[in-house]
Structures are given as structure tokens and as C-alpha cells.
Amino acid sequence: MGIPSDGDDVVQIRHADAAGEPTVVTVSCPDKTGLGCDLCRAVLLFGLSVVKGDMSTDGRWCYIVFWLLPRGRRPVAVPWDLLKDRLLQLCPVAPPFGFGSHDAYLAAAAGLQDVPPPAPQLFLLKLCCFDRMGLLHDVTRVLCELELTIRRVKVSTTPDGSVLDLFFITDARGLLHTKSRREETQDRLESVLGDSLTCCEIDPAGEDMVSCCLQSWAWASLTPAVIAQMFSTADRVEEQPIGTRGGGGGTIISVTMDNSLSPAHTLIQIQCGDHKGLLYDVMRIVKDCNIQVTT
């Protein structure tokens, strides 16, 4: 496996020739534990389903192919350029010119993998502007394109047409604490809102700020446990009975592990009904157990 020279070689997207056929996404980059999980999550967040996948690695370099189809009966247009950028950010960066040998780069990349990612931080985006039709739609579209997740929003409009919007958001990229990321967000909002925007501020949302906003929304009667649950930045997973996932109540679920086929690897075979995000769920569990997929 060779070293890609730029982003076009790291992530390649080949669109289908006919309607209804899957789009093929190819990723070739240095390997790391949990890479398949991270890629599947990004694909899932963009409204796509993995109908087929192929992964291979020599322990240092990996080659991943996804066949993707939009989910739902009425699929929306997929921003493929944004998806490609997101996949590039998840992949270990190819070594720059003059970095050194391939093995040296992989050794440095492996050392960085041991650093756990920071927990999502809650931020408060405050927008002051003049009201117009489609304002909230335009703002939420920009936040979606920037991969900012809205946890809670408060929209207030005065009789004279002034608007004060408060968005509690988290950053999927984990970079909103940096000046460049905040400036990027503000510039995108200014380009959409134009002269109607009078104020755009992004600040970390501390406990005092969240409590103050909750009280101003007449939610002071809620218990602290309910408030903590509503503003939790942890991913929420809807629990479903095992028998109902992927079909009827008679769905057979089988997970077998075989250590007899290889002295160094374990073969895991999973048989179950299909459901949205199945591949991501499996890869997430593998990543949480610090297990690396080799084939």
C-alpha cells in the first residue's frame, strides 16, 4: 500500500452511473484503532446507509471501501464535498514532504492515538438580528453544514421585528474552543444573514449560564436531574427490545467468536436483522473494547 499524496488520494468518491445504484467511497490512509467506527458514524450522520463494505489492513496502512445509499423514502441531497472533508479530518494525515520515513510517521501517529478525545463542550451562540422569513431555517442549515449540533434553542422576537436567538451547541469536530473555528462560524453566519445581523457571539456555556437561561425560560420548576438530562452532551441511544430490531419478533441474533482459524486473530461472526446504523454500532463496540479490525 502506498502513501497518498493529497486529500484526493486519501478519500475518493465515485458516484453511481444510474439512479438507485450505490455511491462508492474509498479511504486509503494510515490505520488506527476505531477508524472504521469514526468513518461509519460520519456516514450515518450524513443520512447514508452502508449497503456493502470492505476493509483490509496490514496493521499500519488500511484500505476501506463503502457502498453507500441515502436513507429514507424521500432522501435529501447529500453534500458530498462536505462528507469528503469530514472523512479526511477523521483519517490520520498523510506525512508531509520531508517528514521522514513511512515507518517513522506511523510510529508518531500511533503515539497520538493513545490520547483520549476530549468530551464535547457546550457553547452558547447568541444571535441578534432583524427578523425575516426563513431566518431560522438559514441559521440551522449553516450550523448543520459546519457540523455543529444544536442541543437546545430559544427564539425570541420583539414586536418591532428584532430577534434574539440563543443556541446551545456542541462541535462534532471538537474545535469550537479555537479562535479560527469560531471565526469560521461567525463568517458563515454573517454571509447568510448579511446586514440584518447586529450581534454574533460564541462563548462556552458554563453551569451558571445554563441555569440562568433555564430560569428565564420559566423552567425553574424542573428538577436538577431533568435539567442535567436535557443538557447532557452524551450521545442518547434509544433502547429497543432485541426481538423488534431489524424486523419481527422472531429475529434471530447470533454472535460467535472463533480463535481456531488464526494464532493471532479472532474471527467474529454476527447474524441479525438489519437496522439503521448497524455497522456503526458494531464498530463502536469494537472501538470501545480497544479492539482493532485487521481484515
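The values are calculated or read from the model by the stated rules, or taken from the named source; none is laboratory data. Since we're looking at a predicted model, the values are computed, not measured. Glycine gets a Cβ as well: all are built from the backbone with ideal geometry, and neighbour counts include every protein chain shown.
Values for this structure:
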item: Matching option when the condition is surrounded by 14 or more Cβ atoms within 10 Å (Cβ to Cβ), within 25 Å of PRO30 (Cα to Cα) and modelled with pLDDT under 85, among PRO92, PRO116, PRO120, PRO96; result: PRO92
item: Condition check for THR244: hydroxyl-bearing (Ser, Thr, Tyr), loosely packed, with under 14 Cβ neighbours inside 10 Å and at pLDDT below 80; result: yes
item: Subset tally (residues that are without any contact (Cβ under 8 Å) to a residue 40 or more places away in the chain, touching a strand residue (DSSP E or B) at 6+ places or on another chain (Cβ under 7 Å) and assigned to a helix (DSSP H, G or I)) for the range 262-286; result: 1
item: Any hit, the range 151-171, residues being part of a helix (DSSP H, G or I) and modelled with pLDDT under 85; result: no
item: Test for GLY59: is it assigned to a helix (DSSP H, G or I) and within 12 Å of VAL293 (Cα to Cα); result: no
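Residue-by-condition table, conditions (1) in a strand (DSSP E or B); (2) hydrophobic (A, V, I, L, M, F, W, C); (3) modelled with pLDDT under 85:
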| residue | (1), (2), (3) |
| --- | --- |
| SER5 | no, no, yes |
| VAL27 | yes, yes, no |
| LEU39 | no, yes, no |
| ASP54 | yes, no, no |
| TYR63 | yes, no, no |
| ALA107 | no, yes, yes |
